[in-house]
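Below you'll find the structure, written out as structure tokens, and then a few comments.
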Amino acid sequence: MSELCKICSTKSAKSNPVDGDYYEQFCEYCGHFKISGSAAETYLEGDKAIQKLRGHIHRFNASEDIPCLTTENIPSIVNSPFPTVAERAEFLLQQVHLETKYLGAKIEVLSKKYLGLTYSLVDNDIRFLSDYLESEGLVQAYKSTSSLSLSVTPAGYAFIENYKRFSKPDAKTAFVAMWFASEVQSAYSNGIKEVIKNCGYEPIRVDEVHHHEKIDDRILRSIRDADFVVADLTGHRGGVYFEAGFAIALNKPVIWTCRSDHFGGAHFDVNHYQFIVWESDSDLQKKLEDKLVGLFGRK
């Protein structure tokens, strides 16, 4: 029997029993998720908030995880940047590819699941994203007034395979958000980069990545792909705060660091987090390695 979804209030959800103050639901629109009792009472203002939560859940579901929504992470998700049209179209392409069982298969995409996955509200949104992909030669569309099926083209397969090769989905990566000034370059090279490598992860700092995308798209994609983020607030660059906040919205672990002489200027929104306050490259190296090994072990 269908129940009201704790997120969108649509009568399209089924609940599973869980222990404690949590609900576990599967909504035809929002996907499979857990939500705390207090978070379930949170009023979501506007369609954009629901779209962001739905998309967040479906992105987790694609990796076979079940996200847990709480009063702590819902504001971060709701306040995160809305995906670009290009990103939403890519989510559509990836899901069609995932569901394709044989070359040339036609996948119906006008469904509640695809609405949630692509951060859409109405079928016309999906039709627009389909037109975008077709204009790029990535899909072949089969349209009628009531249905829309897509099949991945050879160019679409090449796009997906190149993305997989570039993003190294099997690799363990850590995104590094920090000031690019020369005065902290050695702290990165000796105190952050080497520690991340020694722990079995590939450090990703956007100025070291060769790419052909807009710089902000590359940043967001790298954070989405990363296992965790190291955010060094030395210099208090706005971009570092933004990138760390985006990671928090994705439920990515964020390791906060800051040189001691800059720590007093940390913004009040983040000064309640546990920080690695460092004095020198070697001090940063030791403290960061202890932190990473304690949290994740060595890979």
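Considering only segment 58-167, give the helices (runs of 4 or more DSSP H) lying wholly within it that have at least 2 residues that are hydrophobic (A, V, I, L, M, F, W, C) and farther than 30 Å from Ala40 by Cα.
Filter on segment 58-167 gives 85-99, 123-135, 154-167.
Pairs, please: C-beta under 6 Å, at least 6 apart or cross-chain, first residue in contact (Cβ under 8 Å) with a residue 60 or more places away in the chain and open to solvent by 50 Å² or more (accessible area, probe 1.4 Å) and in segment 273-299, second small (Gly, Ala, Ser) and outside any loop (DSSP other than H, G, I, E, B)?
That search, which allows pairs on different chains as well, returns Gln285/Gly191.
For segment 246-270, enumerate the residues that are among the aliphatic types (A, V, I, L, M) and under 23 Å from Ser222 (Cβ atoms).
From segment 246-270, those among the aliphatic types (A, V, I, L, M) are 247-250, 254-255, 266, 270; that's our starting set.
Within segment 246-270, Ala247, Ile248, Ala249, Leu250, Val254, Ile255, Val270 qualify.
Would a scan of segment 155-165 turn up a residue that is in contact with a strand residue (DSSP E or B) (Cβ under 6 Å, 6 or more places away or on another chain) and of a type outside the set (Phe, Trp, Tyr)?
As a first pass, look at segment 155-165 and keep what is in contact with a strand residue (DSSP E or B) (Cβ under 6 Å, 6 or more places away or on another chain): 156.
Checking which are of a type outside the set (Phe, Trp, Tyr) leaves us with 156.
Yes, segment 155-165 contains at least one residue that is in contact with a strand residue (DSSP E or B) (Cβ under 6 Å, 6 or more places away or on another chain) and of a type outside the set (Phe, Trp, Tyr).
Suppose we keep only residues that are open to solvent by 70 Å² or more (accessible area, probe 1.4 Å) and in contact (Cβ under 8 Å) with a residue 24 or more places away in the chain within segment 35-58. Which one would you say is nearest to Met1 (Cα to Cα)?
Asp47
Taking into account only those residues within segment 1-34 that are in a strand (DSSP E or B) and touching a Leu at 6+ places or on another chain (Cβ under 9 Å), which is most open to solvent (accessible area, probe 1.4 Å)?
Here the residue is Lys11.
The values are calculated or read from the model by the stated rules, or taken from the named source; none is laboratory data. Being a predicted model, the structure only gives us computed values, none of them experimental. Positions of Cβ are generated from backbone atoms using ideal geometry, with glycine treated the same way; all protein chains shown enter the neighbour counts. Heads up: the accessible areas ignore ligands, DNA and RNA and are worked out on the full protein's heavy atoms, side chains in. Shrake-Rupley method; radii C 1.70, N 1.55, O 1.52, S 1.80 Å.
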